[in-house]
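Since the structure comes first, as structure tokens, the remarks are kept for the end.
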Amino acid sequence: MAVKRKRLILVAAVILVTGLGVGAYQHWRAAPDANRLTLYGNVDIREVYAAFYDSGRIDHMLVQEGDAVHKGELIATLDQSRFADALATANGQATNQQQILAALLAGSRPEQIAQAKAQMDALEVVYENDAANFSRYATLAPGGAATIQQRDDAQAAYLNAKQNYEAAKQAYILAVKGPRAEDIAAAQGAYDAAKANAALAAQEYKDTKLYAPADGIIEERVQEPGDMTSPSAPVYVIALTNPLWVRAYVPESDLGRIRLGMEAGISTDSYPGKTYRGWVGYISPTAEFTPKTVETPDLRAQLVYQLRVYACDPQGQLQLGMPATVSIGLTQPKTAGAARGADVCGGPNAPAN
């Protein structure tokens, strides 16, 4: 009987110890890690709507959806024919105005000055001869040796010769002085305007080529060769691969536990077991109600702060909108300033594993 009682006591003790162990284990599994903050969000990136700077018909499209492009890479062209004609016309006008200005700046040619002087000298001889004839007839007419008509004809010839000589004299003076400063200034202005017009035509010709504005992935090819396009009509939508981040929201109660520059681990359901290294790069200074994309019934009335955790993803596995889990260790040493991506990623966006 005593042996049976001892067995019952032993079995009860084993059951009690087992129950306490299971309870402790379940409590340990359910209790949150006080030294780690887990947040949930979605992968977010920026997009660029690449469009031509001018209107025209698309000639070539050089990349497809999913292609990786680099900043400055040629991705599309417009029909260049009318832009080439406009450029040739503008360059011709600029060259013409340049020659006009050069002629004015050079002044009169020596041959022009010599010609003007020869003309002046010839008319001076005629003027002096007609002046002598007029003086002679003016002396003879009162005594009847010459008629009044002869005197008047001699006077008219004299006055005409005088005017011709004075005109030739002024032409010679102008030839020696050269162009007026005002004419040179006007020609300079016309040449400057023509140069500016030619530069604009050259830029418009250059704008027939569309280059990738940044490194990224072609997310959407909006138009096709043969389409008429304009600056307000995007040709491609480019997803920028750098920077790439997870947009998450931290409750107000946990806001004081994180700071800029803290390292973080990022995981997704798409790649189980893989953790991407990241860092806290932005904490919103203003609160907002829990977004519907992350709210639960017991959090709908709480205020949260937007958090941006930048990610290291050299293989391009993180996609726009992908759900992600962010884990931030809270025992990290305090460092001055925010961490840089190269420091956290171990180089230019190196992976965690």
Conditions (1) farther than 22 Å from Gly216 by Cα; (2) surrounded by 13 or more Cβ atoms within 10 Å (Cβ to Cβ); (3) at pLDDT below 90: number failed by Ala301 = (2)
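If I filter region 34-89 down to residues being assigned to a strand (DSSP E or B), among the charged types (D, E, K, R) and modelled with pLDDT of 95 or more, which single residue comes out as farthest from Gln319 (Cα to Cα)?
Arg57
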Determine whether region 133-147 contains at least one residue that is within 30 Å of Ala199 (Cβ to Cβ), assigned by TED's automatic domain parsing to the domain that holds Ala196 and outside any helix (DSSP H, G or I).
-> no
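Every residue, every condition in (1) touching a Lys or Arg at 6+ places or on another chain (Cβ under 8 Å); (2) surrounded by fewer than 20 Cβ atoms within 10 Å (Cβ to Cβ); (3) touching a residue at least 24 places away in the same chain (Cβ under 8 Å), yes or no:
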{"site": "Lys169", "(1), (2), (3)": "no, yes, yes"}
{"site": "Ala202", "(1), (2), (3)": "no, yes, yes"}
{"site": "Glu220", "(1), (2), (3)": "no, yes, yes"}
{"site": "Gln223", "(1), (2), (3)": "no, yes, yes"}
{"site": "Pro251", "(1), (2), (3)": "no, yes, yes"}
{"site": "Gly256", "(1), (2), (3)": "no, yes, no"}
{"site": "Arg259", "(1), (2), (3)": "yes, yes, yes"}
{"site": "Tyr271", "(1), (2), (3)": "no, yes, yes"}
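A quick yes/no check of all residues on (1) over 23 Å from Gln99 (Cβ atoms); (2) at pLDDT below 85; (3) in contact with a strand residue (DSSP E or B) (Cβ under 7 Å, 6 or more places away or on another chain); (4) buried (at least 18 other Cβ atoms within 10 Å of the Cβ):
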position: Ala154; (1), (2), (3), (4): yes, yes, no, yes
position: Asn160; (1), (2), (3), (4): yes, no, no, no
position: Ile173; (1), (2), (3), (4): yes, yes, no, no
position: Gly178; (1), (2), (3), (4): no, yes, no, no
position: Glu182; (1), (2), (3), (4): no, no, no, no
position: Ala185; (1), (2), (3), (4): no, no, no, no
position: Gly189; (1), (2), (3), (4): no, no, no, no
position: Lys195; (1), (2), (3), (4): no, no, no, no
position: Ala199; (1), (2), (3), (4): no, no, no, no
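The values are calculated or read from the model by the stated rules, or taken from the named source; none is laboratory data. Just so it is clear, the model here is predicted, and its values are computed rather than measured. Ideal geometry is used to build each Cβ from the backbone, glycine not excepted, and the neighbour counts take in all protein chains shown.
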